[in-house]
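FYI, it's all coordinate maths here, none of it is from the lab. Given the structure is predicted, the values throughout are model-derived calculations rather than measurements. Please note: Cβ atoms are built from the backbone with ideal geometry, for glycine as well, and neighbour counts cover all protein chains shown.
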Amino acid sequence: MINYKRILDFLTEYGGKEYKAPEKLSGDEKKKNEIIKKEGQHVVTELKKIIQKCNKKYNFKKDCKVNWQNSGKIKKYLWIQLKYEKYRNSSPISVSIFVEKDEKGIARYRVSLELRGTNQTDSLDEKKRFNRIKEIYHKHLDISKGEGMDYVLGSNEYGTPKLISESQDYIKEKIMKNNNKVQISVYIENSPEKTNEEYHNEIMNAVEKIKPYYEYVSEKLEKEEETSTMKGTDNKNEIENDNEIIHEKNTILYGPPGTGKTYNTVYYAVAICENKAIDDVKKDLYSDVLKRYNDYKNSGKIEFTTFHQSYGYEEFIEGIKPCSSIEEKNTNGLEYSIVSGAFKAFCDIVKEKKERGNKENSVFIIDEINRGNISKIFGELITLIEDTKREGEKEQISVKLSYSQELFSVPNNVYIIGTMNTADRSISLMDTALRRRFHFVEMMPDTKVLKDISINDKEGKDSGIDVQEMVKKINERIEILYDREHTIGHALFLGLVETPTVEKLASIFKKSIIPLLQEYFYEDYKKIQLILGDNGKKDDSNKFICDKEIKIREIFNGDINDIDVPNIKYSINDEAFYSIDSYLQIYEMVKTNE
């Protein structure tokens with residue numbers, strides 16, 4: 001096993017300090033530097049073992065020399081650079097593993113998407129190429145940041161990179177103006193309790209998280225340079241072409257409840273209708289975007305429906321429905337007619353517009369798409385929604401509908417957006433045919449949007465409740481006791497922005513959080529106590545879920561030894577919802593114990 005702890009201890013103890021070759025010294029100073037040299041050499045050996053593990057597991061290749069000292073000093077950070085073989089010589093972009101010191105001088109690991117800078121000896125052409133690559137490198141900001149990942153600003157060469165807490169849109173805007181280097185990173189913090197095996201697993205998992213971003217920007221760079229070579233075009237035009245807006249035809253926003261999936265369909269739909277990047281639309285006020293959304297909806301460019309257990313092919317595509325006959329000869333008769341469902345009617349309107357020369361994008365939104373029976377609802381249209389099978393594409397196809405027997409196809413300017421609550425059904429349980437035809441965008445709780453919320457007490461003073469930390473701690477516990485698909489969404493707490501009171505927080509917990517937890521854990525109140533920190537609270541009045549021992553003999557008569565009777569009963573403590581300490585101790589109790 002790799003000695004990850006020894007690497008951390010070495011950098012914590014010696015990082016940034018003076019070093020002289022022992023061969024040129026004598027006495028105590030020589031012995032001291034001999035110890036440093038021995039440890040430094042051992043650290044290099046351990047770092048090379050990490051490289052070998054990554055090479056074997058992910059098919060990376062080492063692309064930089066591993067040093068522990070330079071110019072009479074021990075390096076203030078250690079660095080491993082990893083690349084795929086085909087990008088080793090052409091690209092300065094890599095998956096990098098850093099060992100660096102935090103603000104307290106304690107070493108930790110960080111796995112990042114890294115862009116190595118230029119050298120003073122580089123030619124003007126090489127520096128121009130680097131600036132072009134830097135723009136492409138920052139396209140990792142086009143992909144949403146995953147759980148447990150952070151953005152950092154700067155490079156280790158100029159000190160430990162600064163953690164960025166601003167939103168992704170804000171960072172992208174700043175990059176466009178200042179062009180500073182931003183890395184996407186995963187931190188592995190130093191902890192005396194961690195074993196080398198735990199460090200190993202955390203680092204390998206971090207590499208797994210960073211790898212897709214590395215592949216994305218590397219492929220972008222390779223494509224751009226191939227195109228530039230073939231066409232002989234200048235670099236600026238190629239980058240502009242690379243920024244061409246292309247939206248996926250079929251997209252599903254998925255995640256736990258309260259993460260803003262339906263809320264974000266407004267952004268996605270408007271971006272598609274206006275042929276803009278989603279991040280550009282998000283820069284506008286939501287109220288303005290919502291107004292445009294409603295305008296498009298009223299004009300027929302956007303349609304919205306919700307799937308449910310009773311929703312079927314007849315409501316979505318077409319079906320037979322009764323209608324009254326009011327002809328003179330049969331005033332009491334009942335006739336049946338074939339009626340188009342919501343999706344077919346929408347597509348028919350889009351086709352009519354195309355025939356008149358209007359080829360603008362249109363969007364069909366399906367909320368709660370996983371609650372319906374997909375095979376039953378889509379029927380033969382499951383093939384027609386594929387990108388290459390749309391009307392207007394080279395492989396376009398039509399199918400004969402079951403009721404009307406007419407040929408039908410889906411226009412290539414119709415975009416489908418679905419939302420999916422993973423607490424209702426895991427993505428792994430989705431209809432396989434649907435999964436193959438949709439692109440999935442994960443939307444997890446974003447507790448950073450809650451960081452500026454200050455809860456007031458009854459006197460209007462700041463209560464000290466850290467809503468962001470509280471929700472983060474609740475979700476950490478849910479992930480351990482259940483899974484990440486059942487975490488609590490940040491949107492459930494956004495009502496506190498307008499009404500930052502304990503009463504509002506109590507309402508959220510009583511009407512939303514507690515019922516959700518009861519559903520998740522099937523009223524296993526012992527686990528709910530763990531989630532809310534009640535198991536560590538000394539004062540019962542601060543417990544949301546109180547437990548009380550059942551005195552069996554005082555309740556039941558006779559012998560009940562052969563019956564499984566619980567010895568504890570649980571109750572919801574209404575008083576706790578209005579106590580500031582009840583919320584503080586959800587997360588502060590853990591810190592105290594640590």
Which of T305, I563, Y58, positive extreme of dipole for the chain (C-beta unit charges)
Y58
Divide by every residue of the chain the summed helix terms, -39500 (n - 2.57) for each DSSP H run of at least 4, and state the resulting mean residue ellipticity at 222 nm, rounded to the nearest 500 deg cm²/dmol.
-12000 deg cm²/dmol
Let's see if you can work this out: charge +1 on each Lys and Arg Cβ, -1 on each Asp and Glu Cβ, no other charges. What is the dipole magnitude of the chain about its Cα centre, in debye to the nearest 20?
2580
Once the Cα gyration tensor of the range 534-594 is diagonalised, semi-axes √(5λ) in Å:
32, 13, 7
Would you kindly state how much longer the chain becomes between E29 and T45 on full extension, computed as 0.36 nm times their sequence separation minus their alpha carbon distance, in nm to one decimal?
3.3 nm
Label-point separation, N3 to R553 (7 Å along Cα→Cβ), nm
6.1
Calculate the dipole size of the range 1-154 relative to its Cα centre from +1 charges on Lys and Arg beta carbons and -1 charges on Asp and Glu beta carbons; express the result in debye to the nearest 20.
440
Indicate the gyration tensor shape class of the range 460-563 (rounded, prolate or oblate), computed on the Cα atoms with a ≥ b ≥ c the square roots of the eigenvalues: a/c under 1.5 is rounded; otherwise a/b larger than b/c is prolate and the rest oblate.
prolate
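Any idea what % of Cα-Cα pairs in the range 510-555 are farther than 18 Å?
Roughly 36 percent, rounded to a whole number.
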Under-5 Å amide H pairs with K20, H placed in peptide plane, nonlocal only
none
For the chain, the convex hull over Cα atoms projects on average to an area in nm² of 43.0
Using only Cα atoms, figure out Rg for the range 449-521 and give it as a multiple of 2.2 N^0.38 Å.
1.13
For the range 42-82, I need the span (max minus min coordinate) of the C-alpha atoms along each principal axis, in Å, sorted largest to smallest.
35, 18, 12
What are the residues whose amide H is under 5 Å from the amide H of F304, where those residues sit 5 or more places off or on another chain and H is modelled from the backbone?
I365
Where in the range 272-302 is the amide nitrogen less than 15 Å from a point lying 7 Å along the Cα-to-Cβ axis of L494?
282-291
For the range 273-413, report the convex hull volume of the alpha-carbon atoms normalised per residue, in Å³, without decimals.
167
Kirkwood-Stokes translational diffusion coefficient of the range 338-460, alpha-carbon pairs, 25 °C, 0.890 mPa s, µm²/s:
143
Taking every C-alpha to C-alpha distance in the range 371-417 and binning by 5 Å from 0, the per-bin percentages run 5, 22, 27, 24, 16, 5, 1
Roughly how many whole Å is it from the C-alpha centroid of the range 475-521 to that of the range 12-68?
48
Say each of D295 and N201 gets a label point 7 Å from the Cα, pointing the same way as Cα to Cβ; how far apart are those two points in nm?
5.4
